Amino acid sequence: MRHALRGVLLFLLLVVLAPPANAQQPVVRVGTEGTYPPFSFHDPGSQQLTGYDIEVIKAVAGKAGWRLEFVETQWDAIFPALDSGRIDLIANQVSANDERRAKYGLSSTYTYSRGVVVRRTGDERITSLADISGKTTAQSSTSNWAKVAREAGAKVEAVEGFAQAAALLTQGRVDAIVNDNIAVLDYLASTGSKDVEIAANAGEKGSEQVLTFRKADANLLAQANQALAALKADGTLRGISEKYFKADVSVPDGGNADLSQGRGARSTWEVVANTAWPMFVGLVKVTIPLTALSFAIGLVLALLVALARISPSRVLSWLARAFISIIRGTPLLLQLFIVFYGLPQLGLKFSPFLAAVIAFSLNVAGYAAEVIRSAILSVPRGQFEAAATVGLSYPLTLRRIVLPQAARIAVPPLSNTLLSLVKDTSLGSVVLLTELFRESQLAAAESNEFLALYSFAGLYYWLICVGLSAAQKRLETRLNRYVTA
């Protein structure tokens, strides 16, 4: 009995001291669009990330012993995210080519497909890939299909994804699209569109899709290849493929993909109703906090820059002018990319939210500094002289005399800066933030209801701006209480 009790106690001790089962599993960050059905998209009912590529990488992770963390971003930002260490691999129908093999570690093939040329229905000018020469196509600018279109002599208009490309083609803004035949079949089946059609194959050679890693992550690549081989051998890949395409696209001759049933049609009102809550969550969790924090930090920085700008010190004044010139002379999108993707190459790596706060705060400071400077200079010089005669120091003069008067003058233009910042946060998606506008993009890519969803997103922004404008009016009234006419 004593030995049995000792054994039970030893077992319990091992259970308590043993690390959690998932503690030994490495966390692997997977980059994907989330807007490229049927490979990577959000289920309209549950809003969960799903798709063929998502199920494949989950199966790979199960074999390799990984814990996955999905990071959604636009296609044109997905390779910079991999280069800067923001993600560990890309699972988003990356086509293998020599250029990518030279720079990245590419897994064994898990999808075989072919490219097709898509035209407006009945446009007999385009019957082959050669016919797009001199014409305009819509593509993700860094995709393999953009390269195919350029080599065929087409002018490529850059778009975020296939849904936007299809919209431009339907509207007559471009002449054709070159893309994966499976994505095109899914679009035709899910939308029921009769406005576009497949005109021809994009060349005789098929396309092979792979998982993409950094060259340095050879161990992860080896684990992925081993897992893919096991998944092919036990029929898992075939099962996932047949679930989505009724054919086995994991082998070269697995049959023709059939997506005739689509994903089920929904009315415009159903799409908007299903997306309203995720958009509201994005507004509350990201858009509003990002705006408030960036504006508060930006105002503090703007005050410091404005004071440096009017400082008698030539060095401080020059530095302030240089800062303002750089911020106002470069696009906000470029500033976001430098902070998020560029600085990691110097060893400065920030989380998506912190990187956005830094970029937006600096942008606010660059514009608001001139507003605050002009407001300070509008206070009569005699105020400074009067304060000096009664023995007030310069900092105390600013705090007690000058800044309260300058605030009344600066409120209207600073309010405009705040309103602009609310709308500028829609750029947060390029640094991997899922904010209000990104939620509308995700839903629009799956449903193609661009007008309804983007208009509804605009309604959210408008309501926020109306509320801020009302607050501005009350603040102005309060600041003007003791001002004589």
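The values are calculated or read from the model by the stated rules, or taken from the named source; none is laboratory data. Only a predicted model underlies this, so the values are computations on that prediction, with no experimental measurement involved. Neighbour counts run over all protein chains shown; Cβ positions are idealised from the backbone, glycine included.
For this structure, a couple of remarks:
- Here is the figure for region 300-332: residues that are out of contact with any helix residue (DSSP H, G or I) (no Cβ under 6 Å at 6 or more places or on another chain), over 12 Å from residue 373 (Cα atoms) and among the aliphatic types (A, V, I, L, M) total 5.
Listed here are the residues, each with its yes/no results for (1) surrounded by fewer than 20 Cβ atoms within 10 Å (Cβ to Cβ); (2) touching a residue at least 24 places away in the same chain (Cβ under 8 Å); (3) of a type in the set (Phe, Trp, Tyr).
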residue	(1), (2), (3)
144	no, yes, no
147	yes, yes, no
150	yes, no, no
159	no, no, no
173	yes, yes, no
180	no, yes, no
185	no, yes, no
189	yes, yes, no
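Residue-wise test of (1) at pLDDT below 85; (2) out of contact with any Asp or Glu (no Cβ under 6 Å at 6 or more places or on another chain); (3) among the aliphatic types (A, V, I, L, M); (4) more than 14 Å from residue 109 (Cα to Cα).
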residue	(1), (2), (3), (4)
240	no, no, yes, yes
244	no, yes, no, yes
258	yes, yes, no, yes
270	yes, yes, no, yes
282	no, no, no, yes
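- Helices (runs of 4 or more DSSP H) completely within region 248-367 that count 3 or more residues being in contact with a Ser or Thr (Cβ under 8 Å, 6 or more places away or on another chain): 268-282, 288-309
- Unique match (being touching a Gly at 6+ places or on another chain (Cβ under 7 Å) and acidic (Asp, Glu)) among 72, 124, 99: 72
- Candidates in region 180-234 are the residues that are assigned to a strand (DSSP E or B) and within 18 Å of residue 39 (Cα to Cα); of these, the one that is modelled with the lowest pLDDT is 207.
- In this structure, residue 177 does not satisfy being of a type outside the set (D, E, K, R), assigned to a helix (DSSP H, G or I), within 29 Å of residue 83 (Cβ to Cβ) and within 25 Å of the chain's Cα centre (by Cα).
- Looking only at region 96-140, and only at residues there that are of a type in the set (S, T, N, Q) and at pLDDT below 90, the one that is surrounded by the fewest Cβ atoms within 10 Å (Cβ to Cβ): 97
- Here residue 359 meets each of (1) touching a helix residue (DSSP H, G or I) at 6+ places or on another chain (Cβ under 7 Å); (2) at pLDDT below 95 with one exception, condition (2).
- Flag if residue 91 is crowded, with 17+ Cβ neighbours inside 10 Å and either assigned by TED's automatic domain parsing to the domain that holds residue 272 or over 19 Å from residue 218 (Cβ atoms) (or both): no
- Failed item in (1) in contact with a helix residue (DSSP H, G or I) (Cβ under 7 Å, 6 or more places away or on another chain); (2) surrounded by fewer than 22 Cβ atoms within 10 Å (Cβ to Cβ); (3) charged (D, E, K, R), with residue 438 passing the rest: (2)
Conditions tested, residue by residue: (1) in contact with a Ser or Thr (Cβ under 7 Å, 6 or more places away or on another chain); (2) touching a residue at least 12 places away in the same chain (Cβ under 8 Å).
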site: 58; (1), (2): no, no
site: 61; (1), (2): no, yes
site: 66; (1), (2): no, yes
site: 71; (1), (2): no, yes
site: 75; (1), (2): yes, yes
site: 81; (1), (2): yes, yes
site: 87; (1), (2): no, yes
site: 103; (1), (2): no, yes
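- The single condition among (1) buried (at least 16 other Cβ atoms within 10 Å of the Cβ); (2) touching a residue at least 12 places away in the same chain (Cβ under 8 Å); (3) among the aliphatic types (A, V, I, L, M) that residue 247 does not satisfy is (2).
- Tally of residues being assigned to a helix (DSSP H, G or I) and over 15 Å from residue 161 (Cβ atoms) across region 417-438: 14
- Residue count for region 145-163, restricted to those that are assigned to a helix (DSSP H, G or I) and either in the same structural domain as residue 443 (by TED's automatic domain parsing) or modelled with pLDDT of 85 or more (or both): 7.
- Residue tally, condition under 26 Å from the mean Cα position of the chain (by Cα), within 26 Å of residue 258 (Cα to Cα) and not small (Gly, Ala, Ser), over region 83-138: 7
Per-residue answers, yes or no, for (1) in contact (Cβ under 8 Å) with a residue 12 or more places away in the chain; (2) assigned by TED's automatic domain parsing to the domain that holds residue 462; (3) of a type outside the set (Gly, Ala, Ser):
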| residue | (1), (2), (3) |
| --- | --- |
| 229 | yes, no, no |
| 238 | yes, no, yes |
| 260 | yes, no, no |
| 274 | yes, yes, yes |
| 282 | yes, yes, no |
| 290 | yes, yes, yes |
| 314 | no, yes, yes |
